[in-house]
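A.B. asks: This is the structure I want to talk about, given as structure tokens.
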Amino acid sequence: MTTTTARPAVLSMEQVYAPLEEALASHYELYKWWEIEDKDDFLAHQGQKIRGIVTTGGFGADRTLIESLPALEVIADFGVGFDAIDLDAAREHNVAVSNTPQVLNECVADTALALLLSLSRRIVKGDGFIRAGKWPSGGFELGYKVTGKRIGIVGLGRIGRKIAQRAAGFDMQIGYTDVAPSDTAPESYTFYSELNTLASASDYLVLTLPGGASTHHLVDAAILEALGKDSFLINVARGSIVDEQALIEALKSNGIAGAGLDVFEHEPNVPQALIDDERVVLTPHLASATVETRDAMTALVLDNLASWFSQQTLKTAVV
């Protein structure tokens, strides 16, 4: 007599990467949240069999969803940030949580430097200048030199260190702030215990720290004032870290020189004031959006799910 084991039922919350969805469909009984029209009906009649969730750092999984899935065992986050996942609810209901650290560090760091260079050398604006046919009528505005400038990194974690390594290639002076000085950072790096002091000592303030309640609006009007009129803000972390209205006001008053933003407080909605400001370079949360990184993230999500359903362990556990 032959017996078969049912594949675990997994709920994917957001459509992000086709190869991930294809792999999930081949290994699991897959349900796609974005395709479900009557979500309350689904939770009432199908929710009891969902054992895994695949989500993203932006979409997350709130308490209501977690408590609507009585068989839920694991949440696999397709990303490094997990501030939109209710970790307290996960712990209370014995739900394991994983993310995909390490595999996106290089590409996020590349994006931070790309924003820094684009701002300083007016790359985006220069492209528009040529496309609009303005070059024959006159020269283009001056930019700012990058080599030798001061970069302040807020959060010297995995991504922050990669940014620092790249900045060193431009002979930049590297400062950072974190919960404590790093024992492994090069002696040439300068630690600042206070963010406002780091901001005042930086030509570029780069944010690479986690989101969440503890860092909400950490960069406010006072920090932007300390940064100053000749300096730039770069954010490749989470939009919630920056008080967006304070940033808009700082730009309006020429309190800072410009900003490079890959993330936003209420994305995908971006304030028109930022869109209209040519001193701001905007990208649609694409820091980790490369084929190589997405493939590595997919592999790690699948490894975490397979490890959990076979051994009740995770490769990269958060909870």
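The values are calculated or read from the model by the stated rules, or taken from the named source; none is laboratory data. Every value quoted in this text rests on a predicted model; they were computed, and no experiment measured them. With ideal geometry, Cβ positions are generated from the backbone for all residues, glycine too; neighbour counts draw on all protein chains shown.
A.B. asks: Just to verify a result, which residue in region 46-74, among those that are of a type in the set (A, V, I, L, M, F, W, C) and not in a strand (DSSP E or B), is farthest from the chain's Cα centre (by Cα)?
C.D. replies: Among residues in region 46-74 that are of a type in the set (A, V, I, L, M, F, W, C) and not in a strand (DSSP E or B), the one farthest from the chain's Cα centre (by Cα) is Ala71.
A.B. asks: Additional query: Scan region 18-29 for residues that are outside any helix (DSSP H, G or I) and either surrounded by fewer than 19 Cβ atoms within 10 Å (Cβ to Cβ) or not assigned by TED's automatic domain parsing to the domain that holds Asp77 (or both) and jot them down.
C.D. replies: Passing the criteria: only Glu29.
A.B. asks: Which one of these is modelled with pLDDT of 95 or more and touching a Leu at 6+ places or on another chain (Cβ under 6 Å): Gly152, Gly169?
C.D. replies: Gly152
A.B. asks: I'd like the residue in region 125-148 that is in contact with a Leu (Cβ under 9 Å, 6 or more places away or on another chain) and surrounded by 16 or more Cβ atoms within 10 Å (Cβ to Cβ) and, out of all such residues, is nearest to Val319 (Cα to Cα).
C.D. replies: Per the stated criteria, the residue is Val146.
A.B. asks: Ok, one more. Output the residues belonging to region 74-131 that are of a type in the set (Ser, Thr, Tyr) and in contact with a helix residue (DSSP H, G or I) (Cβ under 7 Å, 6 or more places away or on another chain).
C.D. replies: Ser98, Thr100, Ser118
A.B. asks: Looking at Ser253, Ser310, can you tell me which residue is under 25 Å from Phe82 (Cα atoms) and without any contact (Cβ under 8 Å) to a residue 60 or more places away in the chain?
C.D. replies: After applying the criteria, what remains is Ser310.
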